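Structure record follows, encoded as structure tokens.
The values are calculated or read from the model by the stated rules, or taken from the named source; none is laboratory data. All values derive from a computational prediction rather than experimental measurement. Virtual Cβ from ideal backbone geometry, glycine too; neighbours counted across all protein chains shown.
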């Protein structure tokens, strides 16, 4: 089994790399932080590492070509790289942060998948896995950029799934709830059903193995988020207007 993972240096990506390593997978690991990536790879075997930013389409093309020259077409490509910060539209300085979040969480997914599409289609197999979030279900105050990026990711993955229909290539959307990672470490609010990264990785791997087209992790969050999605606007607004917000 050959697996590409972006955002592999920490959090869910790191846990996924370790999980697939235990399954003796050949890994291609991508992250911006080369030192952390190197530390991870040092404890694993069968690993190619790529210090690169998913926002750089040229770097993603180069990483993909190198991996395929060494190992052939991957079986699984997991677009996990993502960033999050509190944002407020009223602050002009947050405009750049909006751009970074959308570029990483949405265009980064496109950039990672693109080099593999034609190769997977030609081989008639493969799984393209995008890590979105339940934050994409509704707009969260103080988290407009992150919520928007994850909503866009969910819809992009749905479009791609239909485009790949009949090709033998599966497109899988993963919508985690809260996971214990550096990204959630400073959240000033209660995080129901939060999972350790290692537990979340196991559930992601199971969903990928089963080719589940859309998976919310954990299942309890699917119920909570589904109910939130159905709230009428006036009630949603009343519930969240004074909610704690992610720090800027």
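Can you give me the number of residues within segment 50-79 that are in a loop (DSSP other than H, G, I, E, B) and under 21 Å from residue 107 (Cα atoms)?
First, pick out the residues of segment 50-79 that are in a loop (DSSP other than H, G, I, E, B): 52-56, 72-75.
The next check asks that each one be under 21 Å from residue 107 (Cα atoms); those that pass are 52-56, 74.
Selection size over segment 50-79: 6.
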Examine segment 184-199 for a residue that is more than 23 Å from residue 109 (Cβ to Cβ), touching a helix residue (DSSP H, G or I) at 6+ places or on another chain (Cβ under 7 Å) and in contact (Cβ under 8 Å) with a residue 40 or more places away in the chain, and state whether such a residue exists. yes
Out of (1) surrounded by fewer than 20 Cβ atoms within 10 Å (Cβ to Cβ); (2) within 30 Å of residue 117 (Cβ to Cβ); (3) modelled with pLDDT of 90 or more; (4) touching a strand residue (DSSP E or B) at 6+ places or on another chain (Cβ under 8 Å), the odd one out for residue 206 is which? (4)
Could you list, in sequence order, all residues of segment 212-248 that are farther than 14 Å from residue 137 by Cβ and assigned to a helix (DSSP H, G or I)? 219, 220, 234, 235, 237, 238
Could you list, in sequence order, all residues of segment 24-35 that are surrounded by 15 or more Cβ atoms within 10 Å (Cβ to Cβ) and not in a strand (DSSP E or B)? 25, 32
Filtered residues of segment 130-168 (kept if in a loop (DSSP other than H, G, I, E, B), modelled with pLDDT of 95 or more and farther than 28 Å from residue 198 by Cβ): 164, 165, 166, 167, 168
Can you tell me which of (1) surrounded by fewer than 17 Cβ atoms within 10 Å (Cβ to Cβ); (2) touching a residue at least 12 places away in the same chain (Cβ under 8 Å); (3) in contact with a strand residue (DSSP E or B) (Cβ under 7 Å, 6 or more places away or on another chain); (4) farther than 26 Å from residue 149 by Cβ is the one residue 45 doesn't meet? (3)
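Of all the residues that make up segment 232-248, how many are surrounded by 10 or more Cβ atoms within 10 Å (Cβ to Cβ) and within 28 Å of the chain's Cα centre (by Cα)? Before you say what the answer is, go through the steps one by one.
Going through segment 232-248, the residues surrounded by 10 or more Cβ atoms within 10 Å (Cβ to Cβ) turn out to be 235-240, 243-248.
If we keep only those that are within 28 Å of the chain's Cα centre (by Cα) as well, we get 236-237, 239-240, 243-248.
Matching residues across segment 232-248 total 10.
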